[in-house]
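Where a number appears in this text, it was derived from the coordinates with a stated rule and is not lab data. Quick caveat, the model's predicted, so the values are computed rather than measured. Cβ coordinates were reconstructed from backbone atoms using ideal geometry, including for glycine residues, and neighbour counts include every protein chain displayed.
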Amino acid sequence: MAEILSQAEIDALLNAMSSGELDADQMQPKDEKKVRNYDFSRPTKFSKEHLRTLEIIFEHYARLVSTNLPVYLRKNVQVSVVGSEAITFSEFTNSLASPIIMGIVAFTPLNGSIIMEMGTNLGYAMLDRMLGGSGEPLEKGREFSEIEQIIIEKILVMLTQLLREPWKNVIDISPVLSRLETNSQFAQVIAPSDMVAMVTLEIKIGDVEGFMNICLPFFTLEDVMDKLNTKYWYSTMQENHDENYEIYIESMIRKVDVPIRAVLGRSTISVNDFLNLQVGDCIRLDSGVDQDMNVYVGNIKKFTALPGIDKDSYAVRITSVIREEE
């Protein structure tokens, strides 16, 4: 707050100015404008507001990934947004090593593509888990085989489809995975000097932690840059009702595969008889042909059924449902 002068001080100041003892120009404050250097090779195209809105979008995306990925891996997955920054595309590509897991995603109806780059340790852990392992990464990296690339591509397709819902408040998109690249030399999808926004997600699969970088070129987002602000975002947000959320959870549960086994019967034989079994030998079971057999879902007895044939395959016909209270 400026100092308030008394009437005596004001009179003394006016007398000094009229007598020439004090120059009025000397009393003017010196406003020195701060000059900021502008790098024309890195134009500022993404403001803090744009980056913050992208973080909000991908926070929603992170929640979807942490819900859907365990369906495939059958293991706890945690996903969170680490941060975002605006860099040149050359800075992004220079940080890549080989081999890499990089999906080129067409961001239809917007121009151009975005890039989803995942840490190889996460890729190895996912492959190990989906192929029957515990989900451990390799100690030493190597190139991905063709079969492994097909499995990873299926995961990236799922991750690509999850982009639709978080972007609904900005634009209705139909993202499509164009291709999967494992060599950083084929990562040049735009000019090296073009600006991109990079959002980093941290993914934790069990005890394995890694990062996934989403690279969004300015060329692709240029048509919707005006909508990438928090004011527009919150004004167009649609509340998710509990009923819709329950329907969504139910639809996800219905996609989970569960093993079912029908037990014809049981028998006890000696090790010697087991070793000498030949084609055509008969094993006497403890159940009759006309008796109901137990059907297990996982390890829980859920149905009773009668054995039979459907066309050229063995089958069972459900005769009763075993409730939990039973």
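Points to keep in mind about this one:
- For segment 180-190, 3J(HN,Hα) per residue [Karplus equation, 6.51 cos²θ - 1.76 cosθ + 1.60, θ = phi - 60°, Hz, x = Gly/Pro]: 10, 10, 10, 10, 5, 5, 9, 8, 7, 9, 9
- Rg to Rh, two decimals, where segment 38-193 supplies the alpha carbon set and Rh follows Kirkwood: 0.97
- Where trypsin sites (Lys or Arg not before Pro) fall in DSSP loop in segment 256-288, at most 11 other Cβ within 10 Å: Arg266, Arg284
- Highest to lowest packing among 196-207, 117-128, scored as the average C-beta count within 10 Å: 117-128, 196-207
- Residue pairs, from the table Lys75/Lys154; Lys45/Lys204; Lys204/Lys301; Lys204/Lys227; Lys154/Lys227; Lys140/Lys204, whose Cα atoms sit over 29 Å apart: Lys45/Lys204; Lys204/Lys301; Lys204/Lys227; Lys154/Lys227
- Dipole moment magnitude, nearest 20 debye, segment 280-326 about Cα centre, only Lys, Arg, Asp, Glu C-beta charged: 100
- Packing, as the average of other Cβ atoms within 10 Å across residues, places the peptides 221-228, 57-64 in the order 57-64, 221-228, highest first.
- Cα centroid separation, segment 45-105 to segment 283-298 (Å): 51
- The order of the peptides 103-116, 169-182, 134-147 by mean Cβ neighbours within 10 Å, most packed first, is 103-116, 169-182, 134-147.
- The length gained by stretching the chain between Thr268 and Lys311 to full extension, at 0.36 nm per residue less their Cα-Cα distance, is 12.3 nm.
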